[in-house]
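For reference, the structure is listed below as structure tokens.
The values are calculated or read from the model by the stated rules, or taken from the named source; none is laboratory data. Every value quoted in this text rests on a predicted model; they were computed, and no experiment measured them. Cβ sites come from the backbone with ideal geometry, for glycine too, and all protein chains shown count toward neighbours. When the accessible area is computed, the model is the full protein with side chains, heavy atoms only, and any ligands, DNA or RNA have been set aside. Shrake-Rupley method; radii C 1.70, N 1.55, O 1.52, S 1.80 Å.
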Amino acid sequence: MTPILSARGLNKRFGAVVAADHVSIDIVAGEHVSLIGSNGAGKTTFVNMITGYLKPDRGEIFLEGRDVTALGPRQITQLGVARSFQIPQLCAEMSVLDNMLVAAACGDGALSFWRPAHTRDKLDRAAALLERFGLHLHSRRRVAELPGGVRKLLDIAMALTHRPKILLLDEPTSGVSADEKFPMMDTVTAALGSEDVTVLFVEHDMDIVTRYASRVVAFYSGRILADGAPDQVLVDEEVKRYVTGSAH
Amino acid sequence: MKRLLAHPVWAGVAGMALLLALGAALPRWLLFLCTMSAANGIVSLGIVLLMRGGVVSFGQGLVFAGGGYAVALMANKLGVTDALLLTFAGGVVAALMALPFAALLARYRGIFFSMLTLALSMVLYGVLVKTESLGGSDGFNMSRPTILGMRIADAWSGYVLYALAVVVSGVLAILARIYFESARGLVSLAIRENELRVEYLGASTSRVMAANFVIAAFMGGVGGALAIMALGHIEPQFSYWTTSGEFVFVSILAGHYSVFAVFVASFILELVRSFSSAYFPNTWQMVLGIFLLIVIRFLPRGIGSVWVGWQARKEGRS
Ligand SMILES: Nc1ncnc2c1ncn2[C@@H]1O[C@H](COP(=O)(O)OP(=O)(O)OP(=O)(O)O)[C@@H](O)[C@H]1O
Ligand SMILES: [Mg+2]
């Protein structure tokens, strides 16, 4: 079975910092992969390279067998890869609903100069997606007024608007209190439930990882320390020393 | 009736009809003032369109002069006299002037965008001042246009040019409103707030910005065409930075929430200009400055935010 996403020997340096060191991963369609690692291990850098925001110094990225290493975020998105951000990237002065309509408009191919952004059809679809994320009560609120957890969910809902094949979530539960993390992940997985989407999520909380991941990839200073089923990776000596047993 | 007028197209058409009827009763000096308000307002509407994407052009004098000179030359040298055709041609020439720079400018934001547009307009100013065949710094006169194949009688010229300005600015205002409400218009607003997100949603920010620049140029050229036909004379001043500054002034006064506000702001500027130059010669810029300070202090989102705010509150209640 050809992998849906394949990274081959990715290297990335920022001056003296090695943010990616021979990173190779094959992802099979339908997997729920958790990327773990301490602060600065290179998780976000990996997500940025896959989505075309950062160019690797060396190595290649294949999407369904196609070399996409040279493409930027826009083209990668158009190929069905969407992401959310460690710090939600939203239009803070707009309402929640308008943010969803921006997402709807952007994926429409050629942006229309005259077809309204607020058609009944687009409004209905945006409302339905907001409801799946439990955000419908906030839809008229200005994003800047909303608490962090709600923004995180909106960030993910926007990424999901165009039914991506691959969804990368960068720390979906960061910035929310410990007792909110599980409900939040439940909301996300329920919202994803009906979609046929491969998910990679960056996560620091090992309880969340064990519960929601089918596979775990552990990063340490740009390298992959371990890659496999959660019950194998999380008991690995090196992972225990450098990842799970560290500061967190 | 009320419901019908809530639709921007019908509200625009009704507004145009009202202004056309009203024009018949206005004295000549006020007709001229309204004509110039409409012509300049179209240029500022172009800046508002850019502002919605997060950039401000300090050099719309470039396309204002470009459209104006093109129209004057077409009338004098090529014998094209139809006012409607000339208006459209002014917009097209200005858009063509902007086209080669669109891709470059679309990469810049903030003060860099503003200064680059200013630089382009000052280059044109320099060229115009030095070009003797275009009258150098004195400029030259343009013969009076015709309309729909008819000569315009002296007694009627003020009203005809007013009517043309009302209709053209009305149509462009309606189109601008449709654009602002469109998918692309919403994405423009999103670019102003978060470009990274827009790219990550699959839309090209630079293409949107480039298109906005060309559309704004078209509007600038149309404004220039209407202005030269009303003035009968063109000079390099059209491209000077103070001219561009006045267009920016009007855009900031209006804010980017309402198309109608742009024309109100433009009218206010013309009114202040003509009264203060009569009563406080040489200090009218000061009057404008104070006026702008007051607006920025009390209506930071422009005068358009007043009635857009009312509307929002009314909708919130119903
Ligand atoms: N644009 C950049 N310029 C310079 N250094 C960078 C840049 N992006 C990341 N780095 C560095 O690369 C290393 C990996 O960073 P990255 O953001 O990928 O870590 P992370 O695993 O996502 O950490 P965290 O858990 O804190 O989000 C860090 O040392 C970071 O300082
Ligand atoms: Mg990170």
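Residues in region A:20-47 that are more than 9 Å from ligand 2 (Cβ to nearest atom), within 22 Å of A:E60 (Cβ to Cβ) and open to solvent by 10 Å² or more (accessible area, probe 1.4 Å): 7 in all.
Count of region A:99-110 residues, restricted to those that are surrounded by 19 or more Cβ atoms within 10 Å (Cβ to Cβ), without any contact (Cβ under 8 Å) to a residue 40 or more places away in the chain and more than 7 Å from chain B (Cβ to nearest Cβ), is 0.
Remark: A:E93 falls outside the filter, which requires a residue to be acidic (D, E) and either more than 14 Å from every other protein chain (Cβ to nearest Cβ) or open to solvent by less than 20 Å² (accessible area, probe 1.4 Å) (or both). Look at (1) within 14 Å of the chain's Cα centre (by Cα); (2) away from chain B (no Cβ under 14 Å); (3) on the phi > 0 side of the Ramachandran plot and you find that A:G134 fails only one, number (1).
On the basis of being among the hydrophobic types (A, V, I, L, M, F, W, C) and in a helix (DSSP H, G or I), does A:A159 make the cut? Answer is yes for this residue.
Taking region A:139-188 as the range and being within 20 Å of A:A82 (Cβ to Cβ) and among the β-branched types (V, I, T) as the test, the residues that pass are A:V143, A:V150, A:I156, A:T161, A:I166, A:T173, A:T187, A:V188.
Scanning region A:3-15 finds no residues that are within 20 Å of A:A82 (Cβ to Cβ), open to solvent by 20 Å² or more (accessible area, probe 1.4 Å) and within 15 Å of ligand 1 (Cβ to nearest atom).
For region A:214-248, the set of residues classified as loosely packed, with under 13 Cβ neighbours inside 10 Å, within 12 Å of ligand 1 (Cβ to nearest atom) and either in a strand (DSSP E or B) or at pLDDT 90 or above (or both) is empty.
Here A:I50 meets the list (1) among the hydrophobic types (A, V, I, L, M, F, W, C); (2) open to solvent by 10 Å² or more (accessible area, probe 1.4 Å); (3) within 14 Å of another protein chain (Cβ to nearest Cβ) almost entirely, failing just condition (2). Counting only residues that are open to solvent by 10 Å² or more (accessible area, probe 1.4 Å) and over 16 Å from the mean Cα position of the chain (by Cα), which one in region A:67-87 is nearest to ligand 1 (Cβ to nearest atom)? The residue in question is A:G72. Of all residues in region B:142-192, those that are open to solvent by less than 20 Å² (accessible area, probe 1.4 Å), in contact with a Ser or Thr (Cβ under 7 Å, 6 or more places away or on another chain) and within 14 Å of chain A (Cβ to nearest Cβ) total 3. Of the residues making up region B:57-66, none is open to solvent by 30 Å² or more (accessible area, probe 1.4 Å), out of contact with any Pro (no Cβ under 8 Å at 6 or more places or on another chain) and not aromatic (F, W, Y).
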